[in-house]
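Enquirer: Before anything else, here's the structure in question.
Bear in mind that the values in this text are calculations on the coordinates, not laboratory data. A quick note: this is a predicted structure, and the numbers were derived from the prediction, not measured. Every residue, glycine among them, receives a Cβ derived from its backbone with ideal geometry; neighbour counts consider all protein chains shown.
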Amino acid sequence: MSHVTTLIPPAPPPPAEARPYTLQRFLGSVALGIWLALSIGMFLTIVNGWDPEKFTKYGPSLLSGLGVTLTLVGTSIVLGALLSLPIAAARMSSNPVASWAAYIYIYLFRGTPLITQLFLIYYGFGSFRPELEAVGLWWFFREAWNCALFAFVLNTAAYQAEILRGAINSVARGQHEGAAALGLPRRVAFYKVILPQAMIVALRPYGNEIILMVKGSAIVAIVTVFDLMGETRRAFSRTFDYQMYLWAAVLYLMIVEILRNLWNWLEQRLTRHLKR
């Protein structure tokens, strides 16, 4: 006598309940529609008002200004990173004088607008020309580019010092104790154990700081540095065509988007071992 086994298929899952169309969803849909309409309108405006002659004439100048912007931001970020190391070390120091001096520096440069700092350096040091000539520093502060670079370095160093300090403090205390238990010197433990973990934490804030510096660099056009915004203002003064600013906005957006994707790839690359 044979036994026939009948397989009963599992019951299908119950249908998911439809999400109620709330006021928040409605407002989100309206905001998305407005954003899409503005994007399409901007694109059509650029296409319909495209002037090959103006683009041929002023396009190279805008690209040259973009190179100035990237050079200024890249140099200030690197120099600011070097300056932030001793500032962060002083901020975490047990010496009250060094700690308070670093705190005051960070507080002032993070608490005041970058454009104010730029004006104080560019116009303020210009008021002390005889004194600067006497000490041989006037050659530096008479150039708008040097003043802009100096202001940007001081500003970003304050932000990077706080990013680095916060990242180092976020490393678990057990990592310090484990390194000490292995007999590692404090300097070796810091550079081989603590700092690599801290840099992973600081990676995203560093990316945000670079993007903010790219967008904030437009203020140097006010002190006659012909970066991307400076070249855009000069082109607009000759053509009175507002599309010059649209082209500049597109270039800024491209740079920010490239940096964002590059930082996402870098973060995934450096943290892939944490996702296993």
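Enquirer: Residues in the range 178-195 that are of a type in the set (A, V, I, L, M) and either surrounded by 14 or more Cβ atoms within 10 Å (Cβ to Cβ) or touching a Pro at 6+ places or on another chain (Cβ under 9 Å) (or both): how many? Step through it out loud before you land on a result.
Expert: Filtering the range 178-195 down to residues of a type in the set (A, V, I, L, M) leaves 179-182, 184, 188-189, 193-195.
Cutting the leftovers down to either surrounded by 14 or more Cβ atoms within 10 Å (Cβ to Cβ) or touching a Pro at 6+ places or on another chain (Cβ under 9 Å) (or both) gives us 179, 184, 189, 193-195.
Going through the range 178-195 one residue at a time, the tally reaches 6.
Enquirer: If you take the residues of the range 243-263 that are touching a residue at least 40 places away in the same chain (Cβ under 8 Å) and touching a Leu at 6+ places or on another chain (Cβ under 9 Å), which of them is farthest from Ala202 (Cα to Cα)?
Expert: This residue is Met244.
Enquirer: Test each condition in (1) surrounded by 13 or more Cβ atoms within 10 Å (Cβ to Cβ); (2) within 25 Å of Val225 (Cα to Cα); (3) more than 18 Å from the chain's Cα centre (by Cα) for Trp139 and report the one that comes out false.
Expert: Result: Trp139 fails condition (1) only.
Enquirer: Let me ask something additional. Among the residues in the range 197-205, are any closer than 23 Å to Leu85 by Cα and free of Cβ contacts under 8 Å to residues at least 24 places away in the same chain?
Expert: no
Enquirer: Which of the helices (runs of 4 or more DSSP H) contained wholly in the range 42-126 include at least 1 residues that are more than 28 Å from Arg233 (Cα to Cα) and without any contact (Cβ under 8 Å) to a residue 40 or more places away in the chain?
Expert: Correct list: 52-91, 96-111.
Enquirer: Same structure again: Tell me, please, whether a residue that is acidic (Asp, Glu) and surrounded by 15 or more Cβ atoms within 10 Å (Cβ to Cβ) can be found in the range 169-177. Spell out the reasoning first.
Expert: Of all residues in the range 169-177, those acidic (Asp, Glu) come to 177.
Next, only the ones that are surrounded by 15 or more Cβ atoms within 10 Å (Cβ to Cβ) stay: none.
Checking the range 169-177: not a single residue is acidic (Asp, Glu) and surrounded by 15 or more Cβ atoms within 10 Å (Cβ to Cβ).
Enquirer: Considering every residue within the range 225-241, establish whether at least one is polar (S, T, N, Q), surrounded by 18 or more Cβ atoms within 10 Å (Cβ to Cβ) and either touching a Cys at 6+ places or on another chain (Cβ under 7 Å) or closer than 15 Å to Gly59 by Cα (or both).
Expert: Checking the range 225-241: at least one residue is polar (S, T, N, Q), surrounded by 18 or more Cβ atoms within 10 Å (Cβ to Cβ) and either touching a Cys at 6+ places or on another chain (Cβ under 7 Å) or closer than 15 Å to Gly59 by Cα (or both).
Enquirer: Can you report the number of residues in the range 219-242 which are without any contact (Cβ under 8 Å) to a residue 60 or more places away in the chain, touching a helix residue (DSSP H, G or I) at 6+ places or on another chain (Cβ under 7 Å) and either within 16 Å of Tyr122 (Cα to Cα) or not in a helix (DSSP H, G or I) (or both)?
Expert: 1
Enquirer: Quick check on the range 53-87: of everything there that is surrounded by fewer than 18 Cβ atoms within 10 Å (Cβ to Cβ), more than 15 Å from the chain's Cα centre (by Cα) and of a type in the set (Gly, Ala, Ser), which residue is farthest from Ile106 (Cα to Cα)?
Expert: Checking each candidate, the answer is Gly59.
Enquirer: Listed residues Thr116, Thr156; which is more than 30 Å from Gln197 (Cβ to Cβ) and under 22 Å from the mean Cα position of the chain (by Cα)?
Expert: Thr116 is the lone residue from the list that is more than 30 Å from Gln197 (Cβ to Cβ) and under 22 Å from the mean Cα position of the chain (by Cα).
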